[in-house]
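The values are calculated or read from the model by the stated rules, or taken from the named source; none is laboratory data. All values derive from a computational prediction rather than experimental measurement. Here the Cβ is made from the backbone with ideal geometry for all residues, glycine too, and neighbour counts use every protein chain on show. SASA here: full protein model, heavy atoms, side chains in, ligands and nucleic acids out. Shrake-Rupley method; radii C 1.70, N 1.55, O 1.52, S 1.80 Å.
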Amino acid sequence: MSSPISVLVVDDDQTACRLLREVMAGEGYQVEAVESGKEAVEKAGTTLFDVALSDIRMPDLDGLELLRILKRLSPETIVIMMTAFGSIETAIEAIKEGAYDYISKPFKLDEVKLTVKRALDHKRLLRENLRYRQALKERYQLENIVGRSAPMLDVYKIVARVAPTLSTVLIQGESGTGKELIARAIHYNSPRGNQPFIVVDCAALAETLLDSELFGHVRGAFTGATSNKQGLLEEADGGTCFLDELKNLVPTVQAKLLRFLQEREIKRVGGTEGIKLDVRVIAATNQELEALVKAGSFREDLYYRLSVVSVTLPSLRERKEDIPLLAEHFLHHYALQNKKDISHISSEAMALLGEYDWPGNVRELEHVIERAVALTSSPVLSPHDLSPNLRKEAGKEAQVAKPLTLTELEKQHIERVLKSVGWNKTLTAELLGIHRRTLYRLAKRHKIDLGAGTE
């Protein structure tokens with residue numbers, strides 16, 4: 001059962017103080033009412049209030065000073081100021097100091113109730129947003145990104161070093177390698193992790209719209225611009241803007257982006273006023289930008305501004321040792337999502353996944369596993385659960401490969417099964433249909449190290 005909402009009422013007018021206490025109690029809130037700023041400070045020192053309703057004009061400690069003290073003592077308390085007509089300027093100052101709202105005296109009781117309700121809704125949304133951002137930060141911690149191959153370890157090192165800085169980052173790699181995932185890891189592991197992360201898909205926006213979407217526009221800038229519009233860079237102020245498929249930027253937008261990176265200031269389309277912004281830019285492309293620079297389709301000076309730190313993501317075929325980890329990760333995710341009891345991927349199916357060339361990289365692997373989980377009725381994914389095209393292509397790769405000796409084939413098969421179950425020796429022996437002692441004997445013969453695995 002959740003604790004009742006607590007409200008602090010502060011007003012040196014006894015009648016107003018008593019009336020507000022009764023009204024707030026009638027709304028089901030737990031109410032403390034005091035008639036001076038000093039008493040309010042004493043109460044706030046021992047009790048955490050959700051909302052404080054405070055008069056501005058009080059003799060011993062005025063509302064503005066009380067507001068400042070409450071913000072120090074209890075930053076989570078939402079403060080609503082009450083003011084007579086003559087002190088509206090002071091009320092506006094209170095808003096600047098961090099008050100949620102102000103109510104003019106003589107107040108209407110319905111207005112007071114509504115303002116408090118809005119304040120509580122605002123507080124709830126802030127809490128939910130904080131939880132959401134915390135969940136995102138946890139999700140994109142480096143240790144949660146799947147892959148332990150040497151090429152990925154190099155990527156992790158760069159990300160860990162660049163995340164705390166303000167440097168612009170350029171991420172390059174084939175489609176499906178996880179460029180946005182790495183961009184989010186950089187953002188959520190940086191001091192900007194609680195600020196916005198705005199994605200701009202440059203490939204999805206028409207050339208005529210990209211300028212306006214990125215930089216915003218003023219009313220009348222072009223046909224259809226009926227009001228001022230904030231651009232995506234402005235939405236990212238204080239946080240990070242991720243420019244995906246950067247190669248699609250037209251020359252005019254390239255020039256404006258370069259100017260922003262140099263001056264940290266933009267002008268909306270059709271506007272003359274400069275708008276200062278604090279935005280970190282992370283860009284991504286599935287083509288080598290250096291080649292586009294040489295071809296004359298991408299500005300060299302912009303390339304150097306964007307590639308202060310450059311990260312190149314390996315294709316999945318360059319890190320095939322990560323396939324078992326990734327496949328099992330996707331298996332557990334989609335099995336849970338679809339409420340299916342699927343324990344693992346068979347060694348034969350895992351072998352096929354390892355033989356396939358993966359032109360679509362990690363994204364394609366995820367789709368393959370998602371499809372297999374959706375269609376299977378078995379507790380173990382087998383080759384028959386994989387798409388016919390994958391089985392056909394993987395079979396071709398296997399046929400082209402140099403024939404293995406029986407000894408080499410036996411060693412490979414044991415290692416594949418070990419990897420597919422995270423080097424669990426008991427489960428490996430069960431899948432191979434042998435006793436654990438036999439597994440140890442075969443491992444010794446083939447010089448397979450079982451020391452790192454679980455029992």
Seminar exercise, completed: the chain: Kirkwood hydrodynamic radius (Cα pairs, Å) comes out at 27.3
Problem set entry | Scattering profile of segment 316-389 at q = 0.19, 0.24 Å⁻¹ [log10 I(q)/I(0), Debye over alpha-carbon scatterers] | -0.68, -1.11
For this session: Take segment 245-333, compute every pairwise Cα distance, and split them into 5 Å bins from 0; I just need the percent in each bin.
Result: 3, 11, 18, 17, 13, 11, 9, 7, 7, 3, 1, 0
Problem set entry | Hits among aspartates and glutamates - C-alpha to C-alpha of residue 320 under 13 Å, sequence gap 8 or more where chains match | 355, 357
Problem set entry | Mean shadow area of segment 12-110 over all directions, Cα convex hull, nm² | 5.8
Problem set entry | Taking N as its residue count, the alpha carbon Rg of segment 164-238 over 2.2 N^0.38 Å | 1.33
Exercise. Per residue, how many Å² of accessible area does the chain show with a 1.4 Å probe?
Worked result: 53
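Can you give the extra length, in nm with one decimal, that the chain gains between residue 435 and residue 18 once fully stretched, where that is 0.36 nm per residue apart less the Cα-Cα distance?
Full extension of this stretch gives 142.0 nm more.
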Problem set entry | Amide H contacts of residue 311 (H built 1.01 Å from N, under 5 Å, at least 5 apart or other chain) | 170, 171, 172
Exercise. Cross-link partners among lysines for residue 256, C-alpha distance below 19 Å, same-chain residues fewer than 8 apart left out?
Worked result: 229, 247, 267, 276
Problem set entry | Residues whose placed amide H lies under 5 Å from that of residue 199, excluding near-sequence neighbours | 242
Exercise. In the neighborhood of residue 312, defined by Cβ-to-Cβ distances under 12 Å, what is the net charge if each Lys or Arg adds +1 and each Asp or Glu adds -1?
Worked result: -4
Problem set entry | segment 151-163 - phi-based ³J(HN,Hα) in whole Hz, Karplus 6.51/-1.76/1.60, Gly and Pro as x | x, 6, 4, 5, 5, 4, 4, 5, 4, 4, 7, 8, 3
For this session: Using DSSP to define loop residues, name the trypsin sites (Lys or Arg not before Pro) in segment 306-390 whose beta-carbon has at most 10 other beta-carbon atoms within 10 Å.
Result: 339
For this session: Name the residues whose placed amide hydrogens come within less than 5 Å of the amide hydrogen of residue 344, ignoring near sequence neighbours (fewer than 5 apart) on the same chain.
Result: 381
Exercise. Lysines within cross-link reach of residue 38: Cα-Cα under 20 Å, excluding same-chain residues under 8 positions apart?
Worked result: 71
Problem set entry | If the convex hull is drawn through the Cα atoms of segment 267-418, its volume per residue in Å³ | 217
Exercise. Which percent of the accessible heavy-atom area of the chain goes to carbon and sulfur, probe 1.4 angstrom?
Worked result: 51
For this session: Over the alpha-carbon set of segment 188-319, divide Rg by the Kirkwood Rh and report the Rg/Rh ratio to two decimals.
Result: 0.98
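Using just the helices of the chain, give the 222 nm mean residue ellipticity in deg cm²/dmol: DSSP H runs with n ≥ 4 each add -39,500 (n - 2.57), and the total is spread over all residues, rounded to 500. Numbers along the way, then the final one.
Values: 19 runs with 224 residues, N = 455.
Using -39500 (n - 2.57) per qualifying helix, the result is -15000 deg cm²/dmol.
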For this session: Pop out the ³J(HN,Hα) list for segment 301-312 in order, Karplus 6.51 cos²θ - 1.76 cosθ + 1.60 with θ = phi - 60°, rounded to Hz; leave Gly and Pro as x.
Result: 5, 5, 4, 5, 5, 7, 9, 4, 10, 10, 10, 10
For this session: Work out the FRET efficiency for residue 415 and residue 208 from their Cβ-Cβ distance, taking R0 = 51 Å, and round it to the nearest 0.05.
Result: 0.40
Exercise. If you rank 250, 373 by how much accessible surface each has, with a 1.4 Å probe, what is the order from largest down?
Worked result: 250, 373
